[in-house]
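Presented below is the structure to which this report refers.
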């Protein structure tokens, strides 16, 4: 209900639930749809997740330009206490060296 009301954290959480098949049937397309809704609200973990999906090319077609964009957005919007910062930094460095 909270996700449908536009609460970014709930949208991201629902996307993760669909991705992992936790409490709902596993549905990657539905997962990406909910994660993208959180992304549009500048949620750093959602931006990081979308960037990671584009960079890895396992969940969606690899697109390094999109990966770079979303990982950079996550870097701009993150909080110091976010637990994904080390991996975010590593991924951005990889994209820089891939140029």
Seminar exercise, completed: Taking the range 1-12 and keeping residues surrounded by 17 or more Cβ atoms within 10 Å (Cβ to Cβ) and either assigned to a helix (DSSP H, G or I) or within 13 Å of the chain's Cα centre (by Cα) (or both) leaves 8, 10, 11, 12
For this session: State whether the residues of the range 72-89 include one that is at pLDDT below 95, crowded, with 21+ Cβ neighbours inside 10 Å and not in a loop (DSSP other than H, G, I, E, B).
Result: yes
Seminar exercise, completed: Per the filter on the range 40-65, residues surrounded by 13 or more Cβ atoms within 10 Å (Cβ to Cβ), part of a helix (DSSP H, G or I) and over 12 Å from the mean Cα position of the chain (by Cα) are 64
Exercise. So which residues in the range 17-33 are surrounded by fewer than 16 Cβ atoms within 10 Å (Cβ to Cβ) and part of a helix (DSSP H, G or I)?
Worked result: 20, 28, 29, 33
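The values are calculated or read from the model by the stated rules, or taken from the named source; none is laboratory data. Bear in mind that the values here come from a model prediction, so they are computed numbers and not experimental data. Cβ sites come from the backbone with ideal geometry, for glycine too, and all protein chains shown count toward neighbours.
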